1. Run the numbers for GLU96 and ARG29: contour at 0.36 nm per residue of separation, minus the present Cα-Cα distance, in nm.
2. Report the percentage of all Cα-Cα pairs in the chain whose separation exceeds 16 Å, rounded to a whole percent.
3. Compare the peptides 72-83, 6-17 by average per-residue count of other Cβ atoms within 10 angstrom and give them in order, highest first.
4. Order 37-45, 95-103, 20-28, 53-61 from most to least packed using the mean count of other Cβ atoms within 10 Å.
5. Along Cα→Cβ, 7 Å out, is where each label goes; now give me the distance between the ones at SER112 and PHE4 in nm to one decimal.
6. Using the 2.2 N^0.38 Å rule of thumb for compact globular proteins, work out how the range 50-112 stacks up: its C-alpha Rg over that value, please.
7. Work out, in µm²/s and without decimals, the Stokes-Einstein translational diffusion coefficient of the range 1-53 at 20 °C, 1.002 mPa s, Rh from Kirkwood over C-alpha pairs.
8. For ALA65 and ASP77 in the same chain, what is the full-extension length gain: residue separation times 0.36 nm, less their Cα-Cα distance, in nm?
Amino acid sequence: MSTFDVKKPYNALPLLPPNVDIETKIVLRKTITAGRALAQLNGTLLNLPNPTLFLDTIYLQEAKASSEVEKIITTNDQLYKSFVSDKKNEDLATKEVLSYKEALWLGLEEHST
């Protein structure tokens, strides 16, 4: 096996879709289990006083991770403090991540309507 060379492209990728049947009995059973778990989570979320708060945490983590790719770094502590605070005295990186989260949320809202 050859060593990895960042300057040499790897062009031997297999074509899509794969030539194997991925809809096996095991996969289909896991799909049913996952569907039930999602339905249970949805029911639990609907019982929360503010269900969007749970989703906001997921969007915040996505925005934070995506921003890190662009070298925009902030901490969870800074993010959550700024998110729940009425005073908006966040640094530029935190402000950028919060804006990214808002864009994700608006995109979801736009897509849902």
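Since every read-out is calculated from the coordinates, none of them should be taken as a lab result. Predicted, not measured: the structure shown is a model, and the values here were computed from it. Methodologically, a virtual Cβ is constructed for each residue, glycine included, from the backbone with ideal geometry; neighbour enumeration extends over all protein chains shown.
1. Working: separation 67, 0.36 × 67 = 24.12 nm, distance 4.13 nm.
Extra length from GLU96 to ARG29 when fully extended: 20.0 nm.
2. Details: 4712 of 6328 pairs.
For the chain, the fraction of Cα-Cα distances above 16 Å is 74 percent.
3. Details: 72-83: 15.2, 6-17: 6.1.
Descending packing order for the listed peptides: 72-83, 6-17.
4. So the peptides 37-45, 95-103, 20-28, 53-61, ranked by packing, come out 95-103, 53-61, 37-45, 20-28.
5. 3.9 nm
6. Numbers: Rg = 11.4 Å, N = 63, 2.2 N^0.38 = 10.6 Å.
With N residues counted in the range 50-112, Rg over 2.2 N^0.38 Å equals 1.07.
7. On the way: Rh = 15.9 Å.
The diffusion coefficient I find is 135 µm²/s.
8. Details: separation 12, 0.36 × 12 = 4.32 nm, distance 1.43 nm.
Length gained, ALA65 through ASP77: 2.9 nm.
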